[in-house]
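> Before anything else, here's the structure in question.
The values are calculated or read from the model by the stated rules, or taken from the named source; none is laboratory data. Keep in mind that this is a model prediction, so the values were computed, not measured. Backbone-built Cβ (ideal geometry, glycine too); neighbour counts: all protein chains shown. Each accessible area value is taken on the protein alone, full model and side chains, heavy atoms only, with ligands, DNA and RNA left out. Shrake-Rupley method; radii C 1.70, N 1.55, O 1.52, S 1.80 Å.
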Amino acid sequence: MSVGMPALFAFLMALLIWPLMGLAFGWFSSDGSSFSGEAFDLWKSDRMLQMLGRSAVVALGSSVLCVLAAVGLSIFGESVSKARREGAIVLCLFASLITPYVSTQGYISLLGEAGPIWTWLEIGAPFDIYSERGLIVLLSFSLFPWAFALVGVGSRRIGSRVGETLRMHRASRIEWLQLYYIPKYTVAAGAAFLLVFMFSFWAYEIPSMLRVNLMSIELMAAFGSFYDFRSALALAIGPLAVSAILIGALFRLYTRLDETSTRSEMLGETSLLRARWFQVGIGGYLLLAVVLPAYGLVIEVGSWQALRENLIGFRSEIASSASVGLVSLGVALALSVYAIGALRFENHQRLIGALAIVATVLLCLPDALKGMGAAYFFSQPWMGPFSGGQGFAIGIASSLPLALLAAWIIWSAWSDRQNEWSRSCRIGYLSKLRRLAIPIFADRFVLLGAIAFAWTTREVPSTLLNHPPGGATLAVSIETLLHFEQPDKVASLCLAQLGLTVCVFAVAFGLRALFSRPRFQ
Amino acid sequence: MIVCEGISKRYQGRRVLESISLRFEKGRQYAIVGPSGAGKTTLARIIAGLEKCNEGMIERNGDRVLLCPQDFVVWPHLNVLDNATVGLKGVASARESVAVPWLSKLGIEGLKDRRTGDLSYGQQQRASLVRALAASPDLLILDEPFAHLDPQARRSSLREISDSLRGENVTTIWITHDAQDALSLADEITFLSGGQVAQQGEPGSLYENPKSREIAEFFGRISFVEASLALELSGLISKWKIAGEDTVAFYGIRPEMLVADYANGKGRGRIWKCSTTEYLGHSYQHEIEALEGVRLVASSRKPIDWSKPVSIELMQAPCEFTS
């Protein structure tokens, strides 16, 4: 592994900066006029400042909503078993992996100006869904699972005894707050807030559908129309600086999370009411985030026959989605297998930390920016066989951060005892991988593959910038059709996308059940 | 008085407690003992109201019950006094006036301004105990208190706390798997086995007249002899008087019941086959083969040279078991 470690480290560092390198190389390759002057001119305009403010307000609103809902539901979740809590998190994450177009189009169909709900109630639409308020609500629906997962997994370990002690001592509400809820949830809620803030600040799909102009749309417009790296970099430089600060803050919080967090314990048997509220909350979310929008789509399409007719012309898009998803799946699996093998088996703690940082930074960077980096590199002739392989570029752009994050999560499940045992047996890297890691983590790899697939096929900005002619995915086709006022076709494609995701997850859960086996403790 | 009537508890279909009925009278100290997994902690949690039972009822009659768990709780960022006053009502000075006397009684008044995170394990546990005592409970349940201290420190701490609780007339339940702690602290002991009450009574009755081999072994080293061999043994061991052999299935003999000494030409001195000798500080314990396949443990104040004739005397009647 002595050669593999520096190589991996160099690779990780390259990953971290490749989107920016792509932009920078693109800029150098254009004419040599003053970039700083151009950026300054751009950012001193009222329009840009207004857009930045609007993006920040929308991100703030959705972050607050997400964190409040996540903490509230996590408090109720203390009353159910760990398995149920984790199951709820997985279900919610599944809902978030369905492209936001599905839920947004569903809500537009249901709650738009001529939505069936208002017709049924015989009232006019009480609010305009095409507004910043509508955007905040829909972004919150889409991003809530991330906040819920982070708060649920990362909340500080305050065992059941603390709650019981406070209950037995008849502690006041203020004491409960001071001695239980604030210590338990503050750090995780802070981290969740920062993560959701960055995700919603750079969100593309939902603002695009609701026609609310945010930074991400401006970034796409600046680059996507003319492939102008210079304008894109000038536009991105300010928000990226803010993102860098937020990512730094996220990591400071994360370090504290890492020191203190494990799963929280049950509070005992006396919180049946809370457990019911938890179930109602999760059920309600899934109903609102998946079932209701899907129902809206079905209403919009009208009939099975109409769905078939609408999808006939989009066979190649369905195939493209599947192929891009499979590339992403392969990249995610290969990289995570390599990373966990190379890092954890040899106890390289610093590299493991670097892995987590790279993964999080890449995850938090806007998809459009990652897409631009990929577009630059994969258009260069020196990429050899990968040059012009845009499908590969899409897969790389989407799956790398996910793969790194997955590798890091899987690493955390690899206990020291397993490491010591494998070392004492003196088995080689490949043997460790084949005989230990893969059998132990097979179920997680399967789930990772499904997530990578769904993550890539749902993504728009990077795919939009990189897809080859005639190789648009379903999500990109939805984005394109949005501008042509064809709601029934959009709804049909959304249903196809939903069906594809559901199928992949159904296969993944089936395989996961097959591979599940008792692990070492 | 707190009364438990017919308490049963099941976890995922597995029976943990079965028809437990107990009464706890004001000011008395009780011990609930038994091997690991007997259901002691579950019973304590049910009495404290932290878990519900599947069957049965608990009459608390408005009494306040507090449980100090083995993995006690202190907030490390708070000082000892703030830890002790959690849950107390009133202004700060009033809360302090309730807690400080208990801090003094448990010997940690001088630490009241120290953060509990900086204290030793024993001091932290005392701080958590002060919180429980300051809340003026009618019944205090102490689950394996000071389990992580060395035996000497644990015993002296337990004695101090027990005396303080007696002084305040607080009904106390000690949950322990240490027989010596139970015997020395409690007025009444309940032995749990397999989720059921196997025996209940004063410490002496459980030690001297255990109802089963399990209980007898729990309270200390004991050798068992089938009743059919008693007649033969009575010929070898001095002062062994056989009575009730019709109903007794086997006898239990503790080491202190059998005293070994050199015969010096008197009594039933003989050469015994001794397999092991253990030095316990205050005495010696010798495992001897009294008959073919029958091993007994005898004690002596002095070391014994087993190559010389030794007489073994039964100092008190052995425990009798009917089954």
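> So which residues in the stretch B:79-88 are open to solvent by less than 30 Å² (accessible area, probe 1.4 Å) and either charged (D, E, K, R) or at the interface with chain A (Cβ under 9 Å from one of its Cβ atoms) (or both)?
Once the filter is applied, which keeps residues that are open to solvent by less than 30 Å² (accessible area, probe 1.4 Å) and either charged (D, E, K, R) or at the interface with chain A (Cβ under 9 Å from one of its Cβ atoms) (or both), the stretch B:79-88 yields B:86, B:87, B:88.
> Applying the selection to the stretch A:205-229, what residues are modelled with pLDDT under 75 and crowded, with 21+ Cβ neighbours inside 10 Å?
Scanning the stretch A:205-229 gives A:222, A:223, A:229.
> Since residue A:72 meets every condition but one in (1) in contact with a helix residue (DSSP H, G or I) (Cβ under 7 Å, 6 or more places away or on another chain); (2) farther than 27 Å from residue A:500 by Cα; (3) open to solvent by less than 50 Å² (accessible area, probe 1.4 Å), which condition does it not meet?
(1)
Each row is one residue, and each column tells you yes or no for (1) more than 14 Å from every other protein chain (Cβ to nearest Cβ); (2) farther than 30 Å from residue B:212 by Cα; (3) assigned to a loop (DSSP other than H, G, I, E, B).
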{"position": "B:6", "(1), (2), (3)": "yes, no, no"}
{"position": "B:35", "(1), (2), (3)": "yes, no, yes"}
{"position": "B:63", "(1), (2), (3)": "no, yes, yes"}
{"position": "B:73", "(1), (2), (3)": "no, yes, yes"}
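> Further question: I'm told residue B:190 meets every condition in (1) under 23 Å from residue B:156 (Cβ atoms); (2) crowded, with 21+ Cβ neighbours inside 10 Å except one. Can you identify the failing condition by its number?
With respect to (1) under 23 Å from residue B:156 (Cβ atoms); (2) crowded, with 21+ Cβ neighbours inside 10 Å, residue B:190 is out only on (1).
> If you don't mind, another one. Looking only at the stretch A:493-521, count how many residues are among the polar types (S, T, N, Q) and at pLDDT below 85.
Selection size over the stretch A:493-521: 2.
> Only one of these is open to solvent by 20 Å² or more (accessible area, probe 1.4 Å), part of a strand (DSSP E or B) and away from every other protein chain (no Cβ under 14 Å): B:96, B:18. Name it.
On inspection, the qualifying residue turns out to be B:18.
> What strands (runs of 3 or more DSSP E) lie completely within the stretch B:236-322 and have 2 or more residues being on the phi < 0 side of the Ramachandran plot and open to solvent by less than 30 Å² (accessible area, probe 1.4 Å)?
Qualifying strands (runs of 3 or more DSSP E): B:250-253, B:258-262, B:284-291, B:294-300, B:310-314, B:319-321.
> Collect the residues in the stretch B:163-187 that are surrounded by fewer than 20 Cβ atoms within 10 Å (Cβ to Cβ), more than 23 Å from residue B:5 (Cα to Cα) and either in contact with a Lys or Arg (Cβ under 7 Å, 6 or more places away or on another chain) or not hydroxyl-bearing (Ser, Thr, Tyr) (or both), keeping them in residue-number order.
Listed by number, the residues that qualify are B:163, B:164, B:166, B:167, B:168, B:169, B:177, B:178, B:180, B:183.
> Same structure again: Is there a residue in the stretch A:81-99 that is surrounded by fewer than 18 Cβ atoms within 10 Å (Cβ to Cβ) and touching a Pro at 6+ places or on another chain (Cβ under 7 Å)?
yes
> Condition (residue is over 22 Å from residue B:23 (Cα atoms), within 25 Å of the chain's Cα centre (by Cα), away from every other protein chain (no Cβ under 14 Å) and free of Cβ contacts under 8 Å to residues at least 12 places away in the same chain) applied to the stretch B:132-151: is it met by at least one residue?
yes
> Cβ-Cβ under 6 Å, sequence separation 6+ or interchain: first residue in the stretch B:15-41 and touching a residue at least 60 places away in the same chain (Cβ under 8 Å) and charged (D, E, K, R), partner buried (at least 20 other Cβ atoms within 10 Å of the Cβ) and not in a strand (DSSP E or B). Which pairs?
Within 6 Å, the pairs are B:15/B:195; B:18/B:195; B:40/B:34.
> Check the stretch B:101-119 and report whether any residue there is of a type in the set (Gly, Ala, Ser), within 14 Å of chain A (Cβ to nearest Cβ) and touching a residue at least 40 places away in the same chain (Cβ under 8 Å).
yes
> Report those helices (runs of 4 or more DSSP H) wholly inside the stretch A:89-203 carrying at least 2 residues which are more than 14 Å from chain B (Cβ to nearest Cβ).
Filter on the stretch A:89-203 gives A:100-111, A:116-121, A:132-154, A:182-201.
> Still on this structure, I have one more. Please go through the stretch B:193-226 and pick out each residue that is open to solvent by 40 Å² or more (accessible area, probe 1.4 Å) and β-branched (Val, Ile, Thr).
Correct list: B:197 only.
> Filter the stretch B:41-61 down to the residues that are away from every other protein chain (no Cβ under 13 Å) and open to solvent by less than 20 Å² (accessible area, probe 1.4 Å) and list them by number.
Scanning the stretch B:41-61 gives a single hit, B:43.
So that you can scan it fast, the table gives a plain yes or no per residue for (1) assigned by TED's automatic domain parsing to the domain that holds residue A:90; (2) touching a Ser or Thr at 6+ places or on another chain (Cβ under 6 Å); (3) in a helix (DSSP H, G or I); (4) of a type outside the set (Asp, Glu):
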position	(1), (2), (3), (4)
A:465	no, no, yes, yes
A:469	no, no, no, yes
A:480	no, no, yes, yes
A:490	no, no, yes, yes
A:497	no, yes, yes, yes
A:503	no, no, yes, yes
A:511	no, no, yes, yes
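> Does the stretch A:308-321 hold any residues that are surrounded by fewer than 20 Cβ atoms within 10 Å (Cβ to Cβ) and part of a helix (DSSP H, G or I), and which are they?
A:308, A:309, A:311, A:312, A:315, A:316, A:318, A:319
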